[in-house]
1. Have a look at Gln149, Gln128 and point out the one that is surrounded by 10 or more Cβ atoms within 10 Å (Cβ to Cβ), modelled with pLDDT of 80 or more and not in a loop (DSSP other than H, G, I, E, B).
2. Taking only the stretch 71-108 into account, find how many residues are among the small types (Gly, Ala, Ser) and farther than 30 Å from Leu34 by Cβ.
3. Taking the stretch 41-85, which residues are buried (at least 20 other Cβ atoms within 10 Å of the Cβ), polar (S, T, N, Q) and either at positive phi or in a loop (DSSP other than H, G, I, E, B) (or both)?
4. Residues of the stretch 20-40 being in contact (Cβ under 8 Å) with a residue 40 or more places away in the chain, of a type in the set (A, V, I, L, M) and surrounded by 15 or more Cβ atoms within 10 Å (Cβ to Cβ), which ones?
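The values are calculated or read from the model by the stated rules, or taken from the named source; none is laboratory data. Since the model is a prediction, treat every value here as computed from it, not as a measurement. Methodologically, a virtual Cβ is constructed for each residue, glycine included, from the backbone with ideal geometry; neighbour enumeration extends over all protein chains shown.
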Amino acid sequence: MARQRKLPSALRAAGLVLAWFVMLSVGATLLVALVVPRLAGATPYVIETGSMTPSLPPGTLIVVKPVPVAELAAGDVITYQISSGDPTVVTHRIIEQGVDMTGQPRWRTQGDANDVADEGFVLPVQVQGKQWYAVPYLGYVTSFVTGQQRQVLTVAFVLGLTGYAAAMFLGSWRGRQAGRPTPDATATENELLETRA
């Protein structure tokens with residue numbers, strides 16, 4: 001019979017801690033980047049240029065939430081379309097607020113790292129939302145996967161966690177069962193004791 005060496009308990013414990021750390025890190029990433037924005041009606045974007053450094057360096061995942069235009073003010077970071085209907089967006093800070101001749105609000109924006117303000121005013125129809133939260137460098141991770149791949153990864157992660165939890169439960173249950181004597185084994189031990197007596 002082949003002898004098996006057990007791993008030292010400290011090494012097994014370190015492996016378990018590492019596995020949990022990796023799973024929780026991946027879970028937190030998915031939660032912050034995909035689940036929370038979707039549940040809150042917000043939209044995640046990735047900062048691709050250095051125009052908002054140092055507050056929002058390239059690779060930052062920024063999540064913007066739609067807000068009433070009356071709540072926007074100088075100092076707010078907004079994401080807006082370059083022109084109405086164009087899917088290309090910019091994330092800059094409002095530096096000035098005004099109104100047009102019809103009383104409609106408009107905003108002048110500028111990147112924190114830029115020396116001059118953006119050309120033209122931003123109109124309400126262009127605004128996609130106001131910064132809700134941002135996570136530096138997380139955008140690099142999310143930019144490698146498409147929307148459909150993100151959904152697949154989220155489902156795979158949930159299934160993986162469920163499977164891992166089931167495996168841990170089953171292993172624990174088997175461990176408890178191995179420590180209990182079976183009814184047949186107990187009867188055999190009693191018969192042996194009676195025979196010896």
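1. None of the other options fit; the residue is Gln128.
2. Taking the stretch 71-108 as the starting set, the residues that turn out to be among the small types (Gly, Ala, Ser) are 73-75, 83-85, 98, 103.
From what is left, the residues that are farther than 30 Å from Leu34 by Cβ are 74, 98, 103.
Total meeting the criteria: 3.
3. Correct list: Thr60 only.
4. The answer is Val26, Leu30, Val32, Ala33, Leu34.
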